[in-house]
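The structure appears below as structure tokens.
Laboratory data are not the source of any read-out in this text; all were calculated from the coordinates shown. Note that the coordinates shown come from a computational prediction; the quantities given were computed from them, not determined experimentally. When we count neighbours, we look across all protein chains shown, and the Cβ atoms used for this are built from the backbone with ideal geometry, even at glycine.
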Amino acid sequence: MLFILKKGVDPSTLIEKIKTGSASYRYIDLDGRGIVVAWPDKLVESIDDETVELKVKVSTPYQLASKVWRDKTIVNIGDVEVGDRRVVVAAGPCSIEDENTFMEIANAVKRIGGSMLRGGVFKPRTSPYTFQGLGVEGLKILKKVRDATGLPIVTEVLDTRDVPLVMPYADMLQIGARNAQNFALLREVGRTRKPVLLKRGMWMTIEEWLLSAEYILLEGNFSVVLCERGIRTFEKGTRFTMDIGGMVYTRTQTHLPIAADPSHPAGRRDLVEPLALAAVAAGVDMLLIEVHVRPEKALSDSEQQLSIEGFERLMKKLKLVAEAIGREL
Ligand code: PEP
Ligand code: MN
């Protein structure tokens, strides 16, 4: 149950009533407006207070993430707005490998019109014997490239212990598919006020994905973008199945912006472009695309990273698709 308070009121009388009924609650300040989430519903649905402007019984297990009480959230990452008319493209390598390579890629992404950079320094690799990312050394490269290009950077945090390390260097924290139900990590990024890109775990239903978002929102961080990156199905032609229908459905359930990563479900360079175009046609607010100056030499995901030429071709087509549906790139 959500209690949306009148602006500027003291929540304590409502909270006292909730406590008296032995219910659980959480108070959140959303841009100066108080919201009290209280549960279970049966203990709180009869509660009322003059400080409450709107009381909303949400029928889904996720409450704060629901579209029932809020139509739209725009996430600000520096000057970049995700969830508005412009489709935001974040591009860059799978992993940051060295300063020169990342700088080269970043300059190309900027020239071609990308509005953010991506690049991992803490990498969640299936095998412990493959490149694990540069770690802390990579963070210094992030800073140099971000200062040189002025583009905000999204990078993954693998562990709760990485969060304070990454905070000064990242403009957006990525929670990878494999950590999408790491509830301690979700809570930890929720305690920051940094924008979060929350990947969908490859095994997760949309309800579970939105419940993961709920962990972040419940800590008071509303700057969350949901990112579809493909789920496991019986199909082996692609690395994962990009759930277009799922993205469209998710839009009907939540006010949070939606992103797509066409690179990981494609698993092959030649499939990235059509999947990216399809995602924009389906209405996503943001794309996360792997691009490399020498993709065949990349230390991770070399088969799926686009070349600079491939990225440039894609951006031209994306612009047309975005305009066709009343958006811009
Ligand atoms: C990534 O974007 O670098 C990545 C590892 O993606 P995912 O968590 O979706 O596999
Ligand atoms: Mn990758």
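Taking 20 Å as the limit for the C-alpha separation, the pairs Lys110/Lys316; Lys143/Lys199; Lys236/Lys297; Lys110/Lys317; Lys19/Lys55 exceed it in the case of Lys143/Lys199; Lys236/Lys297. The ranking of Ser115, Ser263 from fewest to most other beta carbons within 10 Å of each one's beta carbon is Ser115, Ser263.
The C-alpha radius of gyration of segment 172-329, expressed as a fraction of 2.2 N^0.38 Å, stands at 1.03.
A straight chain from Arg111 to Glu208 at 0.36 nm per residue would run longer than the Cα-Cα distance by 31.1 nm. Fully extending the segment from Arg232 to Ser12, taken as 0.36 nm per residue of separation minus the present Cα-Cα distance, adds 74.6 nm. Over segment 43-94, the Kirkwood radius and the radius of gyration, each from Cα atoms, give a ratio Rg/Rh of 1.18.
The listed peptides 300-308, 319-327, ordered by packing as a protection proxy, come out as 300-308, 319-327 (highest mean of other Cβ atoms within 10 Å first). When the chain is treated as a Gaussian network with alpha carbon springs shorter than 10 Å, the biggest mean-square fluctuation among Thr60, Thr20, Thr160 belongs to Thr20. Computed from the C-beta positions of Glu296 and Val68, the FRET efficiency with R₀ = 56 Å rounds to 0.70. For the chain, DSSP calls about 40 percent of its internal beta bridges antiparallel.
Note that segment 142-152 has calculated 3J(HN,Hα) couplings of 3, 5, 4, 6, 5, 5, 6, 9, x, 8, x Hz, one per residue in order, obtained from phi through the Karplus relation 6.51 cos²θ - 1.76 cosθ + 1.60 (θ = phi - 60°); glycine and proline are x. Only helices enter this figure: runs of n ≥ 4 DSSP H residues, each worth -39500 (n - 2.57), summed and divided by the residues of the chain, yield -10000 deg cm²/dmol at 222 nm to the nearest 500. Cβ crowding within 10 Å ranks Val145, Val224, Val9, Val196 as Val9, Val145, Val196, Val224, fewest other Cβ atoms first.
Summarising the label geometry, the points placed 7 Å from Cα in the beta-carbon direction at Val136 and Ala324 lie 5.0 nm from one another.
Net charge within 15 Å of Lys110 by Cβ-Cβ distance, Lys/Arg positive one each and Asp/Glu negative one each, not counting Lys110 itself? Result for the neighbourhood of Lys110: -1.
Annotation note: trypsin sites (Lys or Arg not before Pro) in segment 40-110 located in DSSP loop regions with a Cβ neighbour count of at most 10 within 10 Å are Arg85. Of the chymotrypsin sites (Phe, Trp or Tyr not before Pro) in segment 170-219, the ones in a loop by DSSP (not H, G, I, E or B) with at most 13 other beta carbons within 10 Å are Trp203.
Here the Karplus curve 6.51 cos²θ - 1.76 cosθ + 1.60, taken at θ = phi - 60°, turns the phi angles of segment 263-279 into couplings of 6, 5, x, 5, x, 9, 3, 5, 8, 5, 4, x, 5, 5, 5, 5, 5 Hz, with x standing for Gly and Pro. When you work out D = kT/(6 pi eta Rh) for the chain at 10 °C and 1.306 mPa s, using the Kirkwood radius from C-alpha pairs as Rh and the Stokes-Einstein form, the result is 78 µm²/s. Taking every DSSP beta bridge with both residues inside segment 139-234, roughly what % is antiparallel (nearest 5)? Roughly 0 percent of the beta bridges in segment 139-234 run antiparallel, per DSSP. Label-to-label distance for Lys144 and Asn76 is 3.1 nm, based on points extended 7 Å past Cα in the beta-carbon direction. Springs between Cα atoms under 10 Å define the GNM used for the chain, and in it the highest mean-square fluctuation of Glu50, Glu207, Glu290 occurs at Glu50.
For segment 55-163, applying the loop criterion from DSSP together with a ceiling of 11 other beta carbons within 10 Å to the chymotrypsin sites (Phe, Trp or Tyr not before Pro) yields Tyr129.
So what's the Cα pair-distance distribution over segment 2-56, bin width 5 Å, in %? Percent of Cα pairs in each bin: 4, 23, 38, 24, 9, 2.
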